[in-house]
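First the structure, in the form of structure tokens, and then the observations on it.
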Amino acid sequence: MNVFKLSDFSCEEINAILDLAEEFKNGKQVDYHRQKSVAFLFFENSTRTHYSFEKAALNLGCVTQNFEAATSSVQKGESLYDTVKLFECIGNDVIVIRHSKNNYFDDLKGIRVPILSGGDGTGNHPTQSLLDLMTIREHFGHFKGLKVAIVGDIAHSRVAHSNYEVMRRLGMEVYMSGPEEYREEGYPYMPFDELVEKMDVIMLLRVQHERHASNMQLTTAQYHERYGMTMARVNRMKDQAIIMHPAPFNRGVEIADEVVECDKSRIFEQMHNGVYVRMALLYMAIEDTKQ
């Protein structure tokens, strides 16, 4: 079982993944007794995705291998395919990959072991979307009819692109907001201060300077004033509404320091749920290879 894009999965399959993740969160036990190996090939920097995937593998009793691009044969010109093929040949049962190239997985047709994507370029981040969905479902008990706003650097966000597609399929109304220079055609937009009182979920995004040549036209203070989640805006939200962020977050830019752990914030719960979502996917990938 490969996991590249959530658009490859039906709504029923997505809910089944979330159900399994909840089972792990509620104490389901699996121990492969170090007989299964998971390799992590992260060609981009990562903290949450990388280490929650590794913790998920360790929770399942797997052994792990961590790839370092800076000290590998990639520096000698080795292709992505040949690098991944090595980790298949030396006996890994599952390979987790993050890469800066959109749809990098199209170059890996000859790989026979399951690949789980930790994110590709600005296109897809399936496991982040799944942990977001798990967090939303835990809080509201359902998806249909919820209003969600994704706010910030939409054009460069694989989180925004992944979530928009899957959330709409699951019956949510999804809106975008943020600076004009990061707006992307084809998505419904709403001014930030207009949506604050209307949304059930407000998901904030980091401005990804590393993905574009020019810096944001706004200063950080201007961004915070216009698009930052402040306590004044928190106080205008619906009673049951929640705040989310895929992290890392910039305190004092897209989110005020005091908002990060306020009552409406689910940011650290998202991180916690990431382990269980990734346990579910690793388990499903390993079990699929036994059939």
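At-a-glance table
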{"quantity": "Residue 257 being outside the structural domain of residue 116 (by TED's automatic domain parsing) and touching a strand residue (DSSP E or B) at 6+ places or on another chain (Cβ under 7 Å)", "calculated": "yes"}
{"quantity": "Filter pass, residue 244 being hydrophobic (A, V, I, L, M, F, W, C) and under 28 Å from residue 19 (Cβ atoms)", "calculated": "yes"}
{"quantity": "Cβ-Cβ under 8 Å pairs, at least 6 apart or on other chains, the range 105-119 side within 25 Å of residue 274 (Cα to Cα), far side surrounded by fewer than 21 Cβ atoms within 10 Å (Cβ to Cβ) and of a type in the set (Gly, Ala, Ser)", "calculated": "118/46; 119/46"}
{"quantity": "Subset of the range 131-162 that is basic (Lys, Arg) and under 21 Å from residue 49 (Cα atoms) - its residue that is surrounded by the fewest Cβ atoms within 10 Å (Cβ to Cβ)", "calculated": "137"}
{"quantity": "Residue, surrounded by the fewest Cβ atoms within 10 Å (Cβ to Cβ), within the range 222-273, restricted to residues that are among the aromatic types (Phe, Trp, Tyr), out of contact with any Lys or Arg (no Cβ under 7 Å at 6 or more places or on another chain) and touching a residue at least 40 places away in the same chain (Cβ under 8 Å)", "calculated": "223"}
{"quantity": "The range 76-101, subset modelled with pLDDT of 95 or more and among the polar types (S, T, N, Q), residue farthest from residue 278 (Cα to Cα)", "calculated": "79"}
{"quantity": "Output for the range 235-270, where each listed residue is out of contact with any Leu (no Cβ under 9 Å at 6 or more places or on another chain) and closer than 14 Å to residue 149 by Cβ", "calculated": "236, 237, 238, 241, 242, 264"}
{"quantity": "Of residues in the range 31-74 being under 24 Å from the mean Cα position of the chain (by Cα) and β-branched (Val, Ile, Thr), the one nearest to residue 118 (Cα to Cα)", "calculated": "49"}
{"quantity": "Any pair with Cβ under 9 angstrom, 6 or more apart, that starts in the range 130-154 at a residue that is over 20 Å from residue 189 (Cα atoms) and at pLDDT 95 or above and ends at one that is of a type in the set (Phe, Trp, Tyr) and surrounded by 17 or more Cβ atoms within 10 Å (Cβ to Cβ)", "calculated": "131/276; 133/143; 134/276; 136/143; 137/143"}
{"quantity": "Test: residue 16 is in a helix (DSSP H, G or I), in the same structural domain as residue 104 (by TED's automatic domain parsing), at negative phi and surrounded by fewer than 17 Cβ atoms within 10 Å (Cβ to Cβ)", "calculated": "yes"}
{"quantity": "Selection count, the range 81-100, where residues are small (Gly, Ala, Ser) and in contact with a Ser or Thr (Cβ under 7 Å, 6 or more places away or on another chain)", "calculated": "1"}
{"quantity": "Some residue of the range 84-100 being among the acidic types (Asp, Glu), loosely packed, with under 15 Cβ neighbours inside 10 Å and more than 19 Å from residue 7 (Cα to Cα)", "calculated": "no"}
{"quantity": "Residue, farthest from residue 6 (Cα to Cα), within the range 151-176, restricted to residues that are hydroxyl-bearing (Ser, Thr, Tyr) and touching a Lys or Arg at 6+ places or on another chain (Cβ under 9 Å)", "calculated": "175"}
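Results for (1) outside the structural domain of residue 44 (by TED's automatic domain parsing); (2) hydroxyl-bearing (Ser, Thr, Tyr); (3) part of a loop (DSSP other than H, G, I, E, B); (4) over 22 Å from residue 127 (Cβ atoms), shown as yes or no for each residue.
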residue: 181; (1), (2), (3), (4): yes, no, no, yes
residue: 202; (1), (2), (3), (4): yes, no, no, no
residue: 217; (1), (2), (3), (4): yes, no, yes, yes
residue: 225; (1), (2), (3), (4): yes, no, no, yes
residue: 277; (1), (2), (3), (4): no, no, no, no
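For every residue, the table says whether it meets (1) among the aromatic types (Phe, Trp, Tyr); (2) under 21 Å from residue 111 (Cα atoms).
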site	(1), (2)
37	no, yes
49	no, no
52	no, no
58	no, no
63	no, yes
67	yes, yes
71	no, no
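The values are calculated or read from the model by the stated rules, or taken from the named source; none is laboratory data. Since we're looking at a predicted model, the values are computed, not measured. Backbone-built Cβ (ideal geometry, glycine too); neighbour counts: all protein chains shown.
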